[in-house]
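Since the structure comes first, as structure tokens, the remarks are kept for the end.
Bear in mind that the values in this text are calculations on the coordinates, not laboratory data. Computed from a predicted model, the values in this text were never measured in an experiment. With ideal geometry, Cβ positions are generated from the backbone for all residues, glycine too; neighbour counts draw on all protein chains shown.
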There are 2 protein chains.
Amino acid sequence: MDEPLPPLSALRAFEAAARHLSFTRAATELGMTQAAVSYQIKILEERVGAPLFLRLPRRLTLTETGERLAPGMIEAFQLIRQTFSASRQKAQTVLTISVVQSFAAKWLVDHIGEFQLNFPNIAVRFDVSQDLIDFNRSEVDVAIRSGKGDWPGLVSHLLIRADFAPMLAPSLAGEVREPADLLKLHRIGPNDPWWHLWFAAAGVGEVPGQSGPELVVDSQFLEGNLALAGRGVAMLTPAFYRRELEAGWLVQPFPLVCAGSFGYWLVYPHARRNAPQIRAFRDWIVGRAPAVPDVGPNGIVVPVTR
Amino acid sequence: MDEPLPPLSALRAFEAAARHLSFTRAATELGMTQAAVSYQIKILEERVGAPLFLRLPRRLTLTETGERLAPGMIEAFQLIRQTFSASRQKAQTVLTISVVQSFAAKWLVDHIGEFQLNFPNIAVRFDVSQDLIDFNRSEVDVAIRSGKGDWPGLVSHLLIRADFAPMLAPSLAGEVREPADLLKLHRIGPNDPWWHLWFAAAGVGEVPGQSGPELVVDSQFLEGNLALAGRGVAMLTPAFYRRELEAGWLVQPFPLVCAGSFGYWLVYPHARRNAPQIRAFRDWIVGRAPAVPDVGPNGIVVPVTR
DNA sequence: ATTTGTCATAAGCCCTCTTTATGGGAGGTA
DNA sequence: TACCTCCCATAAAGAGGGCTTATGACAAAT
């Protein structure tokens with residue numbers, strides 16, 4: 001390890017020239033001119049302290065020294081080429097997605113199959129977590145996170161805007177005639193600012209506070225489950241609960257949907273924007289997930305400024 | 001072979017960094033700054049399409065991709081280092097000398113042993129031939145040739161000036177009292193211009209031509225042998241026949257020695273002037289062979305212009 | 001004798017790589 | 001908590017290596 005390495009570009013030229021026994025052909029292979037190869041070989045010969053080739057009239061021969069050097073170099077470069085291309089191919093066939101629970105459970109599970117059908121040679125690996133991971137410290141390729149799309153150094157694509165409307169189990173929906181009726185029910189995630197915003201948009205002035213356990217972690221997913229279980233009314237994103245609504249497991253009693261000020265974003269490091277598996281996933285999901293979700297036949301979307 | 005190689009300097013940086021798991025230490029080993037290593041790794045990561053290291057707080061870890069790349073690269077670079085240093089060491093331990101017969105037989109055999117004692121790890125290989133070899137087309141390191149030292153592209157050191165004087169076997173020397181007596185004997189190499197020059201210096205005007213077989217190849221060596229065999233008188237370089245003269249096998253009847261207009265030179269390509277085995281041989285032989293030879297107690301050297 | 005194939009050399013320019021300088025993040029420590 | 005230190009990232013700027021173009025030489029092939 002103490003010996004300084006010889007000039008590598010010279011070795012590359014030598015390796016090619018030794019295989020072809022021709023500077024001209026080596027140059028062609030390396031995509032450079034014959035003069036450049038000649039120059040590099042000269043450099044190397046000076047470093048080695050002996051000629052590496054015999055320049056015979058119309059052909060090139062390795063000297064003894066060259067003969068001693070060539071096999072090792074050819075092997076070494078072959079190893080480099082193999083290792084490199086193998087690792088690159090492998091790197092392209094695995095896509096690790098860090099994603100928040102709600103999006104994973106409510107959207108991705110229904111659609112990821114299509115991606116995998118379209119790209120059968122890309123293996124998808126999920127990493128479900130709540131925090132915005134640090135791409136420097138994990139082996140995640142892309143992440144799907146909720147927020148406003150203002151992450152420095154990352155490319156962001158809005159997938160679904162986080163609109164919201166109250167939903168509840170059908171067993172609780174009987175008493176609900178007008179928005180104010182919701183206040184009689186247990187509110188899931190009572191401290192969520194969405195309640196204030198939605199009631200304001202619905203014309204209900206007073207929203208009394210409500211005591212109870214606070215849920216902070218990924219509200220959507222857990223709150224949706226509680227609502228499904230009939231534990232109260234929750235403020236959910238319709239696009240995520242399309243299936244439950246259609247099946248009648250959940251009821252959205254009022255068509256009023258507030259436009260969320262944040263959304264779910266696909267993000268990845270700018271430096272890796274051209275990695276094949278990232279391109280494939282981005283192109284697919286951006287075309288697949290409408291940024292402004294279809295709220296259904298009875299949706300009324302009201303923009304809300306927070 | 002079709003895949004273009006990745007940037008080699010980036011690989012070199014990666015290889016060192018992968019061994020040390022530290023950009024800083026890798027930089028130290030490579031004799032550059034930490035910033036340069038960081039830059040190179042970044043380049044490589046873009047080429048590969050995936051991060052190679054995880055930048056954890058106070059330590060560095062290889063990613064899966066890096067882990068896949070590292071062993072091959074370390075092995076390849078080790079092979080390069082080994083092959084290179086081995087070939088260079090071997091190249092330095094063999095010295096091939098192309099030399100003319102006369103110098104080889106008459107001077108080198110008596111002295112080369114000393115060189116080999118002084119440099120026991122340099123293996124000497126001789127290539128005895130008459131023509132001035134083309135260093136581009138043979139694996140000769142240095143050559144010893146007769147001439148005037150005016151070879152373009154080559155470094156020349158005068159080893160021994162080709163002085164000359166007539167010599168003959170003692171059996172023939174009885175009749176010889178004055179230079180003109182030599183004309184009665186058979187002259188070996190009769191067309192050699194040295195005859196005219198020497199007789200002119202000796203004050204003998206007429207030198208009649210002489211018929212007989214012509215000898216052209218390396219005159220010194222063959223002519224000396226013929227003279228030793230008592231076949232006539234030859235024009236020889238005293239420095240080459242010191243031993244024969246001292247032993248009485250040859251006689252130099254007159255102290256008059258003409259200074260030759262050419263000599264024996266050590267030559268080698270300028271580009272290789274610093275190759276260790278060439279330096280060693282040059283330094284030794286230049287100090288060993290006096291360019292203007294000692295002509296002995298009874299030598300009178302007369303400069304001759306051709 | 002001319003053409004062709006191959007390598008060497010000179011001159012010049014550009015781009016890569018390096019260094020310098022600086023900042024940020026997270027442990028370790030008082 | 002505050003500070004210090006270790007380590008990597010980044011920006012800017014400079015230098016030099018390495019490439020290209022152009023030309024020449026040499027010898028074999030035509």
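So which GluC sites (Glu not before Pro) in the range B:104-194 pass both tests, a DSSP loop state and at most 15 other Cβ atoms within 10 Å of the Cβ?
On the way: sites: B:Glu114, B:Glu139, B:Glu175; in loops: B:Glu139, B:Glu175.
Answer by residue number: B:Glu175.
Can you tell me which lysines have their Cα less than 25 Å from the Cα of B:Lys42? Leave out same-chain residues fewer than eight positions away.
A:Lys90
Mind listing the long-range amide H neighbours of A:Leu250? Cut-off is under 5 Å, sequence gap 5 or more, other chains count too, H placed in the peptide plane at 1.01 Å from N.
Hits under the 5 Å cutoff: A:Leu245.
Give the separation of the Cα centroids, the range B:6-25 to the range A:89-160, in Å.
About 29 Å separates the Cα centre of the range B:6-25 from the one of the range A:89-160.
Using the Karplus equation 6.51 cos²θ - 1.76 cosθ + 1.60 (θ = phi - 60°), what ³J(HN,Hα) coupling, rounded to whole Hz, does each residue of the range B:157-168 give in order, writing x for Gly and Pro?
10, 6, 9, 9, 6, 7, 6, 8, 7, x, 9, 7
Of all beta bridges DSSP finds with both residues in the range A:1-144, what is the antiparallel percent, to the nearest 5? Can you show the working numbers first?
Working: 4 of 13 bridges.
Bridges in the range A:1-144 that DSSP calls antiparallel: roughly 30 percent.
What aspartates and glutamates could a cross-link reach from A:Lys184, if we take a straight Cα to Cα line under 19 Å and drop same-chain neighbours fewer than 8 places away?
Straight-distance partners of A:Lys184: A:Glu175, A:Asp192, A:Glu206, A:Glu214, A:Glu223.
Given the options A:Leu52, A:Leu182, A:Leu222, which has the most mean-square fluctuation in a GNM of chain A, springs set between C-alpha atoms less than 10 angstrom apart?
It is A:Leu52.
Using only the alpha-carbon atoms of chain A as identical scatterers, what base-10 log of I(q)/I(0) does the Debye formula give at q = 0.15 Å⁻¹?
-1.11
Want the number for B:Glu67 to B:Arg273: 0.36 nm per residue separation, take away the alpha-carbon distance, what's left?
Values: separation 206, 0.36 × 206 = 74.16 nm, distance 4.50 nm.
The span from B:Glu67 to B:Arg273 would gain 69.7 nm if fully extended.
Taking A:Arg137 in one copy and the same position in all the others, each labelled 7 Å out along Cα→Cβ, what are the pairwise distances from the first, in nm, shortest first?
Copy-to-copy label distances for A:Arg137: 6.9 nm.
Within the range B:243-288, report the chymotrypsin sites (Phe, Trp or Tyr not before Pro) that DSSP leaves as loop and that have at most 15 other Cβ atoms within 10 Å. Intermediate results must be reported in sequence, preceding the final value.
Details: sites: B:Trp249, B:Phe262, B:Tyr264, B:Trp265, B:Phe281, B:Trp284; in loops: B:Trp249, B:Phe262.
Filter output for the range B:243-288: B:Trp249, B:Phe262.
Please give every one of the lysines within straight-line cross-link reach of B:Lys106, meaning a C-alpha to C-alpha distance under 24 Å, and leave out same-chain neighbours fewer than 8 residues apart.
Reachable lysines: B:Lys148.
Distances in nm, one decimal, shortest first, from A:Ala247 to the same residue in every other copy, taking the label point 7 angstrom along Cα→Cβ.
Label-point distances to the other copies, shortest first: 11.3 nm.
Can you pull out the trypsin sites (Lys or Arg not before Pro) in the range B:47-83 that DSSP calls coil and that have at most 16 other Cβ atoms within 10 Å?
On the way: sites: B:Arg47, B:Arg55, B:Arg58, B:Arg59, B:Arg68, B:Arg81; in loops: B:Arg58.
Taking the range B:47-83 and a limit of 16 other Cβ atoms within 10 Å, the loop trypsin sites (Lys or Arg not before Pro) found are B:Arg58.
Tell me what chain A gives for mean residue ellipticity at 222 nm when only DSSP H runs of n ≥ 4 count, each as -39,500 (n - 2.57), the sum divided by the residue total, rounded to 500 deg cm²/dmol.
Details: 10 runs with 119 residues, N = 306.
Roughly -12000 deg cm²/dmol at 222 nm, from the helical runs in chain A.
How far, in nm to one decimal, is B:Ala86 from itself in the other copies if the label point is set 7 angstrom along Cα toward Cβ? Shortest first, please.
2.2
Grab the other residues whose beta carbon is less than 15 angstrom from that of B:Asn274, score K and R as +1, D and E as -1, and report the net.
Combined, the nearby Lys, Arg, Asp and Glu give +3.
Can you tell me the orientation of helix A:276-288 relative to chain A, as the angle in degrees between its alpha-carbon axis and the longest Cα principal axis, to the nearest 10?
30 degrees
Can you say what percent of the DSSP beta bridges in the protein assembly as shown, counting only those with both residues inside, are antiparallel? Round to 5.
Values: 44 of 74 bridges.
Bridges in the protein assembly as shown are about 60 percent antiparallel.
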